[in-house]
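Heads up, the thing below is written out as structure tokens.
Please treat every number below as a calculation from the coordinates, not as lab data. As the structure is a computational prediction, the values presented were derived from the model and not from experiment. Positions of Cβ are backbone-derived with ideal geometry, glycine not excepted, and every protein chain shown enters the neighbour counts.
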Amino acid sequence: MQTLRPVELDGIHQLPDVLAGVVERFRRDSGISARFVSNVESIHLPSAASIEVVRIVQEALANVRKHSRARNVLVRLTGKDETYTLTVEDDGRGFDIESAKKESLGLRNMEHRTQLLGGTIEWKPGAERGTVIVIRIPMGN
């Protein structure tokens, strides 16, 4: 199970490579088409914070696999204006976030982890269907 795999970050700059690996394992294990794109070559977060980011992505992808019926997932990491933005977007069936948060420990964990990083998390419907998760984390974390 992907969410139980240990995460090791020897340096604080490895996060984009680790996320690419998480997305690739998800693609291989789930059979769902998944891509990782980034305009960030290295990220300047403490290792513990980087691990929290990885756990958030793992939880988001686990939810895609379990619930969304998606065929495609895009995970995007960008850095701009002192903020890292992580977006997880799928083309699945979507869901009502407010009722799901009441029932889902995973969604509450994602929210809690993001808050620990001083960031914000937002779930919204995709442009045509599916779900978009947008996580914003301050670079000075």
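Can you list the aspartates and glutamates whose alpha carbon sits under 20 Å from that of LYS124, skipping same-chain ones fewer than 8 residues off?
The reachable aspartates and glutamates, counting only those whose Cα sits under 20 Å from LYS124, are GLU59, GLU89, ASP90, ASP91, ASP96, GLU98, GLU103, GLU111.
So what is the relative contact order for the chain, in percent, with contacts set as C-alpha pairs under 8 Å and at least six apart?
Value for the chain: 23 percent.
So what's the convex hull volume per residue for the Cα atoms of the chain, in Å³?
Measuring per residue, one finds 101 Å³ for the Cα hull of the chain.
Amide H neighbours of SER38 under 5 Å, counting only residues 5+ apart in sequence or on other chains, H built in-plane at 1.01 Å?
Placed amide hydrogens put LEU77 under 5 Å from SER38.
Work out which GluC sites (Glu not before Pro) in the chain are exposed loop sites (DSSP not H, G, I, E or B, at most 14 other Cβ within 10 Å) and give the longest gap free of them.
Longest site-free region, per DSSP loop and neighbour criteria: 83-127.
What value, in deg cm²/dmol to 500, does the helix sum -39500 (n - 2.57) over DSSP H runs of n ≥ 4 give at 222 nm once divided by the residues of the chain?
For the chain, the value works out to -11500 deg cm²/dmol.
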